[in-house]
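Every read-out reported here was derived from the displayed coordinates using simple, explicitly stated rules and does not represent laboratory data. Quick caveat, the model's predicted, so the values are computed rather than measured. Here the Cβ positions follow ideal geometry from the backbone for every residue, glycine too, while neighbour counts run over all protein chains shown.
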Amino acid sequence: MKSQPRVLIVEDEPAIAELIAVNLRHNGFQPIWAEEGVAAQRELDAVLPDVILLDWMLPGQSGVALARKWRADARTKSIPILMLTARGDEPDKVAGLDAGADDYITKPFSTQELLARIRAVLRRRAPEQIGVSVTIGALVLDPATYRVTYQGQPLKVGPTEFKLLNYLMTHCERVHSRGQLLDKVWGDHVFIEERTVDVHVKRLREALGAAGAMVETVRGAGYRLTAQPQVATQD
């Protein structure tokens, strides 16, 4: 029998947490509730969940601070994080994504939207069919070992950025619109905004370091990965 995905709910309002937990239980998930960061850390230390629902506003450490902390920890860095926030403003959404969240959902939200987003982040985390290693210039991506190297040096790339890079490298030199990338990399993008693609591209470029210039923005069209970026090379 397939085990139920564990969902850690980090939410200080009991009524909201209970409502989420009931709906998750009814839909085949195993919810665990923590009111704030210390309790959440205890749960993480005990058993790693499959996904974290993390409220932005919490007593003690904020959701953004917790997301940064868990992303920096090797044990928790690959767990999908979905930010729950009453803040609908664009800068706040981007701040949540920049902190390491995979997605965000603005309160109040429907149960169906929440479930769709949880399933989407879990699908993104699911292992792909093992592909062959891809090499573009000095950039190498190996799906079998989940490693990325540039000029022989290993790079730290997050799970969503890895899928994005894999797609761009296997379709090198082609321009992809944000909508196409959402479809190919995110899959179920019914609730995901195109702005999310920009944030992950930015995060990918930062992770690639000197190779970041290979991911080019094509004005009015989208993004492409090129072996010969249009930048001045340095000796």
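Okay, here's what the table says:
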| quantity | calculated |
| --- | --- |
| Label-point gap, in nm, between Lys202 and Ala86 - each point 7 angstrom along Cα→Cβ | 2.6 nm |
| Pairwise Lys count, the chain - Cα closer than 23 Å, eight or more residues apart or different chains | 18 |
| Counting DSSP beta bridges with both ends in the chain, the antiparallel % (nearest 5) | 45 percent |
| Ranked list, fewest to most other Cβ atoms within 10 Å of each Cβ, for Tyr167, Tyr104, Tyr150 | Tyr167, Tyr150, Tyr104 |
| Signed unit charges on C-beta, dipole axis of the chain, positive-most listed residue Trp56, Val140, Pro31 | Val140 |
| Rg(Cα) / (2.2 N^0.38 Å) computed for region 134-225, rounded to two decimals | 1.01 |
| Förster radius 35 Å - calculated FRET efficiency between Arg119 and Thr149 (Cβ-Cβ, nearest 0.05) | 0.60 |
| Neighbour-count ranking [beta-carbon atoms within 10 angstrom, fewest first] of Ile32, Ile9 | Ile32, Ile9 |
| Taking region 134-225 and dividing mean pair separation by its residue count, relative contact order in percent (alpha carbons under 8 Å, at least six apart) | 29 percent |
| Over the chain, relative contact order from alpha-carbon pairs under 8 Å, at least 6 apart, % | 13 percent |
| Cα gyration tensor shape of region 6-125, rounded if a/c is under 1.5, else prolate or oblate by comparing a/b with b/c | rounded |
| FRET efficiency, 1/(1 + (r/R0)^6) with R0 45 Å, evaluated for Arg195 and Ala46 via beta carbons | 0.80 |
| Most mobile listed residue (Leu19, Leu164, Leu155) in the chain, GNM with C-alpha springs under 10 Å | Leu19 |
| Likely footprinting exposure, Leu168, Leu8, fewest C-beta neighbours within 10 Å first | Leu8, Leu168 |
| Charged-residue dipole, Cβ positions (Lys, Arg, Asp, Glu), the chain about Cα centre, Debye nearest 20 | 640 debye |
| Efficiency of FRET from Cβ geometry, Val22 and Arg219, R₀ 45 Å, rounded to 0.05 | 0.40 |
| In nm, spacing of pseudo-spin labels at Glu13 and Tyr167 (7 Å Cα→C-beta vector) | 3.3 nm |
| Angstrom value of the Kirkwood radius, inverse mean 1/r, which spans all Cα pairs in region 1-55 | 11.2 Å |
